[in-house]
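Novice: Handing you this structure, nothing more for now.
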Amino acid sequence: MTRRTFLFVLGSSRSDGNTEALAREAAAQLPSDVEQRWINLAEHPLPDFVDLRHDADRVRPEEGNTALLLDSTLAATDIVIASPLYWYSVSTPTKRYMDHWAGWLRTPGLDFKASMAGRTLWGVTVLAGDRLQVADPLVGMLRNSAAYLEMRFGGVLLGSGSKPGDVLSDTEALTHAKTFFAQEALPARFPHESD
Ligand SMILES: Cc1cc2nc3c(=O)[nH]c(=O)nc-3n(C[C@H](O)[C@H](O)[C@H](O)COP(=O)(O)O)c2cc1C
């Protein structure tokens, strides 16, 4: 069996934020033989996505943060999008990372879609209020993206907190974090495919 490798993509616009804290609580429960790689998009910013999908001469990025993120994504069995809730969805750095997926999907020789099929997408997010349902657009965005790539979807670990550290008082989120990555990730389905 392939060794599991978790890539944590941190999308907060501040350091030591709640989302990373909650993601680290969940990651602490992963078995020691699971490799973890953490990439903070604020420290490794991606360039704005330029839509060259239909240009014939696109090439695989070979250096810089785009190559780092691409190679790390392809090397992971599990990708964890750890984004704060910004306007009910993912943060801009997170969205930019996902936009680059659209380019990678069409990069000749990469076969990004076939490579991603069967891997697992997870989400972790923290929002300021305690009505977690307001994160539904973020959850749907991740689930639909996983379905599009024929990935598995592990769901989204949700927490509440406004200022850094607040989420560590959210006992429900901390309890959920203990078992979050132990749950079975099912093949992702679009809403119209769900039974
Ligand atoms: C640009 C921006 C947009 C936000 N939008 C929402 C939102 O839509 N709903 C919400 O409950 N909190 C919202 N918040 C609050 C953050 O989700 C909250 O402070 C969270 O703890 C930030 O996570 P972090 O510490 O990991 O950065 C927003 C904060 C910012 C800076």
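The values are calculated or read from the model by the stated rules, or taken from the named source; none is laboratory data. Since the model is a prediction, treat every value here as computed from it, not as a measurement. Cβ sites come from the backbone with ideal geometry, for glycine too, and all protein chains shown count toward neighbours. These area figures cover heavy atoms from the full protein model, side chains too; ligands, DNA and RNA do not enter into them. Shrake-Rupley method; radii C 1.70, N 1.55, O 1.52, S 1.80 Å.
Novice: Would you check if residue 130 is within 12 Å of the ligand (Cβ to nearest atom), over 24 Å from residue 3 (Cβ atoms), modelled with pLDDT under 95 and open to solvent by 80 Å² or more (accessible area, probe 1.4 Å)?
Specialist: The answer is yes for residue 130.
Novice: In this structure, is residue 96 over 20 Å from residue 180 (Cα atoms), at pLDDT below 95 and not small (Gly, Ala, Ser)?
Specialist: No.
Novice: Going residue by residue through region 75-84, is there one that turns out to be without any contact (Cβ under 8 Å) to a residue 40 or more places away in the chain and crowded, with 20+ Cβ neighbours inside 10 Å?
Specialist: Checking region 75-84: not a single residue is without any contact (Cβ under 8 Å) to a residue 40 or more places away in the chain and crowded, with 20+ Cβ neighbours inside 10 Å.
Novice: Let me ask another. Residue pairs, Cβ under 6 Å, 6 or more apart or interchain, first in region 1-15 and under 20 Å from residue 118 (Cβ atoms), second within 13 Å of the ligand (Cβ to nearest atom) and aliphatic (A, V, I, L, M). List them.
Specialist: 8/23; 8/82; 9/81
Novice: Within region 105-121, how many residues are open to solvent by less than 10 Å² (accessible area, probe 1.4 Å) and either within 16 Å of the ligand (Cβ to nearest atom) or without any contact (Cβ under 8 Å) to a residue 60 or more places away in the chain (or both)?
Specialist: 2
Novice: In region 153-183, which residues are more than 13 Å from the ligand (Cβ to nearest atom) and surrounded by 20 or more Cβ atoms within 10 Å (Cβ to Cβ)?
Specialist: Hits for region 153-183 are 153, 154, 156, 177, 180, 181.
Novice: Ok, one more. Would you point out which residue out of 28, 82 is within 14 Å of the ligand (Cβ to nearest atom) and farther than 20 Å from residue 112 by Cα?
Specialist: Going through 28, 82 in turn, the sole match is 82.
Novice: Now a separate question. Would it be correct to say that residue 190 is touching a residue at least 60 places away in the same chain (Cβ under 8 Å), away from the ligand (no atom under 16 Å from the Cβ) and either within 15 Å of the chain's Cα centre (by Cα) or surrounded by 12 or more Cβ atoms within 10 Å (Cβ to Cβ) (or both)?
Specialist: no
Novice: Quick check on region 3-10. Is at least one of its residues open to solvent by less than 50 Å² (accessible area, probe 1.4 Å), more than 16 Å from residue 154 (Cβ to Cβ) and in contact with a strand residue (DSSP E or B) (Cβ under 7 Å, 6 or more places away or on another chain)?
Specialist: Checked against the condition, which is being open to solvent by less than 50 Å² (accessible area, probe 1.4 Å), more than 16 Å from residue 154 (Cβ to Cβ) and in contact with a strand residue (DSSP E or B) (Cβ under 7 Å, 6 or more places away or on another chain), region 3-10 yields at least one hit.
Novice: Oh, and also: Which residues, taken from region 26-57, are free of Cβ contacts under 8 Å to residues at least 24 places away in the same chain and either polar (S, T, N, Q) or crowded, with 16+ Cβ neighbours inside 10 Å (or both)?
Specialist: 32
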